[in-house]
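Structure first, commentary second.
The values are calculated or read from the model by the stated rules, or taken from the named source; none is laboratory data. For clarity, every value in this text was computed on a predicted model and none was experimentally measured. Heads up, the Cβs are rebuilt from the backbone with ideal geometry, glycines too, and the neighbour counts pull from every protein chain shown.
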Amino acid sequence: MMKTIALAANYAYINNIETTIKSIIYHNRVVKIYVFNYDIPQEWFIKINQYANQVGLQIIDQKFDPEVIKNVHASYDYIKPISYARFLIPRLLTEDKVLYLDSDLVVDHNLDDLFNADFGDNLFLAVKDYIFYSDHPNEEAGLFNTGVLLFNNRRLKESNKNLSQELLKLGENPALNNGDQTIFNHYFKGKIGELPAKYNYQIGFAYFANVTHDQGLLSKLKAITDPVIIHYVTAYKPFNLLSYGLLRDKYWFYRNLEWWQIVQKYTVFDRTKIGQPKFDGEIFIFTNQQEIQNLEKVIQKLPNIRFNVAAHTEVGWPLKELLKYPNYRVYPSVIDDNLDYLVNAADVYLDINYGEKDAAIIDRIKKRQLPILSFAETADHDSKYGNYQIFANDDLDGMVQKILEIVKQDKN
């Protein structure tokens with residue numbers, strides 16, 4: 001059974017999320033892992049997938065616009081706004097069942113039994129927070145910890161098309177007691193099923209339990225002798241210079257694992273598959289606007305062709321988001337040396353940007369006698385260039401086929 005797992009982090013947390021991923025794959029081979037982020041460089045995903053692909057896995061770069069979380073309230077310094085990205089799962093993922101994991105935890109066993117858990121009528125399965133929070137003094141405590149959440153994603157998507165937007169809007173409340181966890185418990189009250197505590201072993205509370213002599217909490221922690229997921233909650237993280245809790249060595253076991261060791265657990269590691277990615281051809285696009293006709297669709301259809309987009313200015317999120325594709329690069333405020341390289345490396349120029357065309361760039365392309373391809377909506381219909389071909393707006397396959405023909409000719 002393919003297990004779908006989602007994590008969320010920004011680049012500052014890259015070592016921690018990689019540790020979590022290592023621990024997942026060390027015990028689970030049949031998984032698909034989405035990493036929700038807005039600033040992790042594509043080079044990290046390319047390298048990590050060169051290892052993961054060798055055992056049939058993929059780490060998916062799930063970019064999202066940081067504007068959607070810019071106003072949310074995190075409650076504590078060690079909780080970052082990126083934690084609200086879990087609320088985007090129903091909007092962005094299509095899988096029926098998704099396991100969300102925080103990035104301050106490690107997986108220490110196979111997750112098949114967790115994924116086989118029965119939702120019943122619930123929208124989520126989760127573990128109660130070991131220290132029960134309550135926003136209202138008279139309200140019965142017993143809230144769920146959101147570091148490990150099994151989403152009934154099919155039901156969630158069917159229940160409310162605007163769910164992600166509503167949850168993020170609630171996150172703008174500065175009075176939230178515990179950030180997104182408060183929203184989750186209140187919004188979905190009565191729709192969360194309880195998982196055994198071993199699936200979210202909140203070992204980070206060990207220090208708190210000891211200094212407060214909380215015997216109930218100490219007993220709860222000691223009762224779990226073989227946790228499946230070890231969660232280093234609170235500010236006392238094992239990746240800090242000093243930490244005050246337990247199982248620091250367990251964390252660093254996974255952190256120090258080399259990727260080739262994980263691959264070698266399942267198959268013979270092939271070192272030749274590690275290195276700079278190679279492409280069959282290079283596409284160049286210069287733009288003065290962030291809108292480029294059919295760009296994402298062409299990128300998707302030609303994974304072995306690299307698309308290089310350049311601009312004289314900074315670029316907006318629509319062009320940054322496409323960095324989730326390993327065969328795409330963008331050059332904002334492009335400098336002359338990079339521009340020279342892009343012009344000289346190109347096999348094809350795509351004149352598919354909306355708005356004003358850059359005549360100087362087009363002239364350089366013509367001097368190299370490169371083919372220029374365009375769609376009817378964005379084409380220069382007055383062009384007299386003999387190697388300029390226009391495709392119907394819906395003839396994506398026609399353009400793709402022409403690009404492949406050109407690249408093949410160049411290679412021969």
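All of ILE203, ILE192, ILE262 fail the test of being assigned by TED's automatic domain parsing to the domain that holds PHE119, of a type outside the set (D, E, K, R), surrounded by 17 or more Cβ atoms within 10 Å (Cβ to Cβ) and touching a Lys or Arg at 6+ places or on another chain (Cβ under 7 Å), apart from ILE262. Considered as a group, the residues in segment 387-410 that are over 22 Å from THR287 (Cα atoms) and modelled with pLDDT of 95 or more include one that is surrounded by the most Cβ atoms within 10 Å (Cβ to Cβ), and that residue is VAL407. Here ALA223, ALA310, ALA209 are screened, and the one residue that is buried (at least 16 other Cβ atoms within 10 Å of the Cβ) and within 26 Å of GLY147 (Cα to Cα) is ALA209.
Just one of the listed residues (ASN210, ASN185, ASN173) is outside any helix (DSSP H, G or I), of a type outside the set (A, V, I, L, M, F, W, C) and either over 15 Å from ILE89 (Cβ atoms) or outside the structural domain of VAL106 (by TED's automatic domain parsing) (or both), namely ASN173.
Would you say ASP96 is under 20 Å from THR146 (Cα atoms), surrounded by 24 or more Cβ atoms within 10 Å (Cβ to Cβ), acidic (Asp, Glu) and in the same structural domain as ASN152 (by TED's automatic domain parsing)? No: the conditions fail for ASP96.
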